[in-house]
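Asks: Handing you a structure now.
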Amino acid sequence: MRIIFMGTPDFSVGTLEALVEAGHEVCLVVTQPDKPKGRGKEMQYTPVKEAALKHGIEVYQPRRIREAECVEKLRQYNADIMVVIAFGQIIPKEILEMVPYGCVNVHASLLPKYRGAAPIQWSIIDGEAVTGVTTMQMDEGLDTGDMLLKTEVPITAEETGESLHDKLAKAGAALCVETLAKLQEGSIVPEKQGESPTAYAKMLDKKLGNIDWTKSAVEIERLVRGLNSWPSAYTYWNKKVVKIWKASVTDENSNEQAGTVVKVEKDGFYVQTGNGLLKVLELQIPGKKRMDAGAFLRGYTIEPGEVFHQE
């Protein structure tokens, strides 16, 4: 098929690569504008742009895809289908209806669950046992179009936002190739979405990681995993921001207030939560790299009775 591909971050790259490898003709890649990054503020290509240039594919980077000149430019390519995955802009109706097969989106959840910008992380934070990827025929709503195909991916007890991102990116790439093949065959029967049983998977921000120690150890441990590697779960200790990268849950409780260190061992320390103790196993303080709690305790002293708190 002749494809216009729209995507921006790392999550989109595997799908672009899979479409090229499957023999499709990607005639244009549309991605977000380059942004300055780092101390030198050098302009940095999006991951999708880098992948497109590697394959010699033309790249288009409109600031607003809905502007008339952008719409007309896309029309010139006479594509069969558009594939959209984490592009980062709302696609207008004129583009959605421009090509014979419409716009197919690859979404990182089992729709109608977790519509929105951050389905990967919220599925972990909410304690889901299974998630997956859905291909969808896009409409004007936010992740509300007819479902085409789905594939499930289990969420393990050790799953982090980063590890699940990589699994779903790989699953999404394979599912997209399968979806296009079946659309050409005419063997897909689109399925309407019902009401979503989950809250909208709102975009992540740094404040989300500010640990509320009155929540249960189970909830906090899921937050730690879901926000690993960005934006990270964190707390305050001795006027320092402490990022917590790995933790485990125990059913024990103490009489201490939530946020209090109740026990210190060689490989970690235990903090009282609203229900249960959270054992901190990996952390980071400003100016230092991530380290396991054992290494941290060899350089810093944390005593029972000390308190971690929100800002």
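Since every read-out is calculated from the coordinates, none of them should be taken as a lab result. Note that the structure is predicted; figures quoted are calculated from it, not measured. Note: ideal-geometry Cβ built from the backbone for every residue, glycine included; neighbour counts use all protein chains shown.
Asks: Across the chain, how large is the tail of the calculated P(r) beyond 30 Å, expressed as a percent of all Cα pairs?
Replies: Above the 30 Å cut-off, the chain has 42 percent of its Cα pairs.
Asks: Sticking with this one: Quick one: Cα convex hull volume of segment 151-207, Å³ per residue? Could you put the intermediate results ahead of the total?
Replies: Details: hull volume 7.8 nm³, N = 57.
Spelled out: Cα convex hull of segment 151-207, divided by residues, is 137 Å³.
Asks: Right, next: To the nearest 500 deg cm²/dmol, what mean residue ellipticity at 222 nm is calculated for the chain from DSSP H runs of n ≥ 4 alone, each contributing -39,500 (n - 2.57), summed and divided by the residues? Walk me through the numbers before you get to the answer.
Replies: On the way: 8 runs with 81 residues, N = 311.
Here the helix-only value at 222 nm equals -7500 deg cm²/dmol.
Asks: Show me, for segment 46-60, the HN-Hα J-couplings you get by feeding each phi into the Karplus relation (A = 6.51, B = -1.76, C = 1.60, θ = phi - 60°), rounded to Hz, glycine and proline as x.
Replies: 6, x, 5, 4, 4, 5, 5, 5, 4, 9, x, 8, 4, 10, 10
Asks: Select from Pro33, Phe308, Val20 the residue farthest towards the positive end of the dipole of the chain; place +1 on Cβ of Lys and Arg, -1 on Cβ of Asp and Glu, and compute about the Cα centre.
Replies: Phe308
Asks: Now a separate question. On a 19 Å Cα-Cα criterion, which of the cross-link pairs Lys239/Lys288; Lys215/Lys279; Lys41/Lys207 come out too long?
Replies: Pairs exceeding 19 Å: Lys41/Lys207.
Asks: For q = 0.10, 0.18 Å⁻¹, what log10 I(q)/I(0) does segment 1-94 give under the Debye formula with an equal point scatterer on each alpha carbon and no solvent?
Replies: Taking Cα atoms of segment 1-94 as identical point scatterers yields -0.25, -0.78.
Asks: Also: Counting Lys and Arg as +1 and Asp and Glu as -1, each charge on the Cβ, what is the dipole of the chain about the Cα centre in debye, to the nearest 20? Write down the numbers at each step before the final one.
Replies: Numbers: 37 positive and 43 negative charges, 228 e Å.
In debye, rounded to 20, the chain gives about 1100.
Asks: Moving on to the next point. When the dipole is taken about the Cα centre of segment 178-311, and only Lys, Arg (+1) and Asp, Glu (-1) are charged at their Cβ, what size is it in debye, to the nearest 20?
Replies: Details: 19 positive and 18 negative charges, 123 e Å.
Its charge dipole is roughly 580 debye.
Asks: Continuing with this model, one more query. At 1.567 mPa s and 4 °C, plugging the Kirkwood radius over alpha-carbon pairs of segment 206-299 into Stokes-Einstein gives what diffusion coefficient in µm²/s?
Replies: Here the translational diffusion coefficient equals 100 µm²/s.
Asks: Among the listed pairs Lys37/Lys263; Lys202/Lys246; Lys150/Lys289, give every one whose C-alpha distance is greater than 32 Å.
Replies: Lys37/Lys263; Lys150/Lys289
Asks: Taking θ = phi - 60°, what integer Hz values does the Karplus form 6.51 cos²θ - 1.76 cosθ + 1.60 yield along segment 257-269, in sequence order, with x for Gly and Pro?
Replies: 6, 4, x, 8, 6, 10, 7, 10, 10, 4, 9, x, 9
Asks: Counting other Cβ atoms within 10 Å, which trypsin sites (Lys or Arg not before Pro) in segment 102-209 have at most 13 and lie in a DSSP loop? List each step's numbers first, then the result.
Replies: Numbers: sites: Lys113, Arg115, Lys150, Lys167, Lys170, Lys182, Lys192, Lys202, Lys206, Lys207; in loops: Lys113, Arg115, Lys192, Lys202.
Qualifying residues, ordered by number: Lys192, Lys202.
Asks: Another question about this same structure. Once phi is turned into ³J(HN,Hα) by the Karplus curve 6.51 cos²θ - 1.76 cosθ + 1.60 with θ = phi - 60°, what whole-Hz value does each residue of segment 23-30 show in order, with x for glycine and proline?
Replies: Coupling constants for segment 23-30: x, 6, 9, 8, 8, 7, 10, 10 Hz.
Asks: Note down the net charge around Lys35, summing +1 for each Lys or Arg and -1 for each Asp or Glu among other residues with Cβ under 12 Å from its Cβ. Please list the in-between numbers first.
Replies: On the way: positive: Lys37, Lys41, Lys49, Arg63; negative: Asp34, Glu42.
Counting the neighbours of Lys35, the net charge comes to +2.
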